[in-house]
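See below for the structure under consideration.
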Amino acid sequence: MCRACFNPLVLKSDFIEGGSRHLFGRSGVSATRRSFMAYSVAAAGAAAVVSDARAALLGEAGADVIFKGGKIIPVPGAAAQKALAIKDGRILALGSESAIDGLKSKSTRVVDLGGRVLMPGFVDPHNHTVLAALIFELLNDVGYAKFPTRGKLLNELRAIVARTPPGQWVACSNFDNLLQGGDLSREELDGISTSHPIFVWYTNGHDACVNSAALKAANIPENIGMLPGGGHFGRDEKGRLNGLVYEESALLKFALLAFPKITPQLATKAVGDYLRSVAALGNTAVHEPGTLRSEWIAPFAKYSGRAACRTSASLAYEDLKGIDPYRSLGVGAKATQLPNSLFSLYGIKIIGDGSNQTETGAQTSPYLDTDSKGSANYDAAQMRKMVAEIKAAGLPVLIHCNGDHTIDISLDAIEAAYGGSTANGVNRIEHSTMARPDQIERMKKLNVQPSFLMNHVRLYGAAYRDLIFGPERAAFTDPAGACVKAGLPFSLHTDSPCSPPGPLALVSTAVTRRCDIDGSTIGPDQAVTLDQALRAVTIDAASQIGLGDRIGSLEKGKEADLVILEADPYKTKPEKLSDIKVSETWVAGERKYGG
Ligand SMILES: [Zn+2]
Ligand SMILES: [Zn+2]
């Protein structure tokens, strides 16, 4: 699913006080000489801080914090260590308790792990942070994660109505028709309330369902036809409006009335709350691909140090020039770190096609029981032109490809522009859901890496098998096992808000290939080991956002981004991995969650 990649309705200017430029306030930066100078000066300052820290590593050895009394995993697959010391936000040393005790000074704080497990913090390399934050803040979440049955969903709608004064909008999001009992209807929602306008936005981003009060409040006449921009309305067998609303121009008729206005204060609060919630799931870094706008970079970076989680972004192709004010900080294989912040920039995102759940991912063979192969957003020539521009700008590219046709034209374009070079950073294929075996081999040859939305298998595996692709193709969705065989690194992501945040659920599914909906196993050949899955949410994910040299593993000199778990993943049943409680997270040597 990729509503976020495809249709960030909530980020439209109409919802944001003063327009979308000002989502995080009026300190947006533009490519002026003044801002260029300011950033050059700040960058020089940051370099000095780094070299001071390095000097400290060589000179005075006293640690700021020592962790001991538990199991310390430097990187998944490596031998466990007994103790870890950090100083000035970085890893100072790992080793035996007696060796690390030697780094203790009077001011050193000692954290007793009490048998807990400490490992590199989790990185979600594809997470639409701002969009997810606003949706969770502004709208009632009625999604599958919280309300897995139709009955529970309807009870929740009743509860929201009960606490909302009559006449006021009830705006909900994340409804999943594939997992929560099929389409809603006007009649069903009228059964919840006739005095509150109700708007339930589907998690696919393209559809919604409304009740009669909402149709009335939005002045939608019974005889309404197709709207400019393709918006349209569903009808029952008698030809009456059935409450279903399709595509943006129709959705906006309701959303503009139902969604609260977004102020900078509200946006900042929403992002803060959201980042705290993902830190509680063990994330120490999230990467936002293509929904963070360049005007928001400066205020976002300024805020980032106070957030519970390190943040990073790739800009949308349409915003390619937005990187220019930051060029003086260096662009290339490593992420562009904004000075005095926990925020960095990586590459440029292209949205190659739609979603397999709505059969809009572009395939080379038809969806099950149809003639439709979906359709790509660009043809091969357009893709080639865009990728060449990104290469010329000195940046890596991230291309959203749910279908194998889109992967074909994307790899053609990457090969033409970059050859196999990673001098600009690792080029990524986002989702790579239907990658064929030959495409995995080709990615390996071109040094292109996939990032898999592994919750596809957990949530939609049965739907892929029975409704969308048939068993054979479903068995090769999100083919992490083929990557391991080919020696191709991959990462795992949630695409939040398109699927629930939480790295351990991704890890669990990568290991078990279990679909939660019916308990079946989807493509057991594509299962990977726990080490491989954990690498895909730590070091291999960090490398895919240009931060592999700074975070993702616990090595001397790297920034101290770590997570402390209540239970050992290596001693937990794979299907129970997502039940492991996160005890603490630390970012750059500072505790951000728990404790
Ligand atoms: Zn996407
Ligand atoms: Zn996405």
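No lab work stands behind these numbers, since they all come straight from the coordinates. Just so you know, these numbers come straight off a predicted model, no measurement behind them. Cβ atoms come from the backbone with ideal geometry, glycine included; neighbour counts cover every protein chain shown.
Tabulated results
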| quantity | calculated |
| --- | --- |
| Estimated FRET transfer efficiency when R0 is 60 angstrom, pair residue 579-residue 232 (beta carbons, to 0.05) | 0.90 |
| Above-threshold pairs, the threshold being 18 Å between Cα atoms, out of 444/485; 269/592; 253/349; 87/302; 321/444; 485/576 | 253/349; 87/302; 321/444; 485/576 |
| Residue-span extension gain [residue 531 to residue 388] - 0.36 nm each, minus C-alpha spacing | 47.9 nm |
| Selection of GluC sites (Glu not before Pro), segment 171-260, meeting DSSP coil and at most 11 other Cβ within 10 Å | 222, 237 |
| Pair residue 556, residue 334: separation of 7 Å Cα→Cβ label points (nm) | 1.9 nm |
| Residues listed by number, segment 515-544, amide nitrogen under 11 Å from residue 485 label point at 7 Å toward C-beta | 525-527 |
| All aspartates and glutamates inside 13 Å of residue 391 as judged from Cα atoms, apart from same-chain residues fewer than 8 positions distant | 415 |
| Pairwise FRET efficiency - residue 445 versus residue 21, Cβ, R0 = 56 Å, nearest 0.05 | 0.85 |
| Calculated FRET efficiency for the pair residue 518/residue 78, C-beta based, R₀ 35 Å, to 0.05 | 0.40 |
| Segments 202-210, 363-371 sorted - mean Cβ within 10 Å per residue, highest first | 202-210, 363-371 |
| Total charge dipole magnitude, segment 140-258, about the Cα centre, Cβ charges on Lys, Arg, Asp, Glu only, Debye to nearest 20 | 320 debye |
| In nm, spacing of pseudo-spin labels at residue 276 and residue 324 (7 Å Cα→C-beta vector) | 4.0 nm |
| Coil-residue trypsin sites (Lys or Arg not before Pro) of segment 168-263, DSSP, other Cβ within 10 Å capped at 16 | 238, 240, 261 |
| Neighbour cut-off at most 14 other Cβ (10 Å), DSSP loop, trypsin sites (Lys or Arg not before Pro), segment 278-380 | 306 |
| Extension reserve of the residue 568-residue 98 stretch, reckoned as 0.36 nm per residue once the Cα distance is removed | 166.9 nm |
| For peptides 101-111, 545-555, 478-488, sequence by mean Cβ density within 10 Å, most packed first | 545-555, 478-488, 101-111 |
| Backbone N under 15 Å from the residue 306 label point (7 Å along Cα→Cβ), restricted to segment 273-289 | 273-276 |
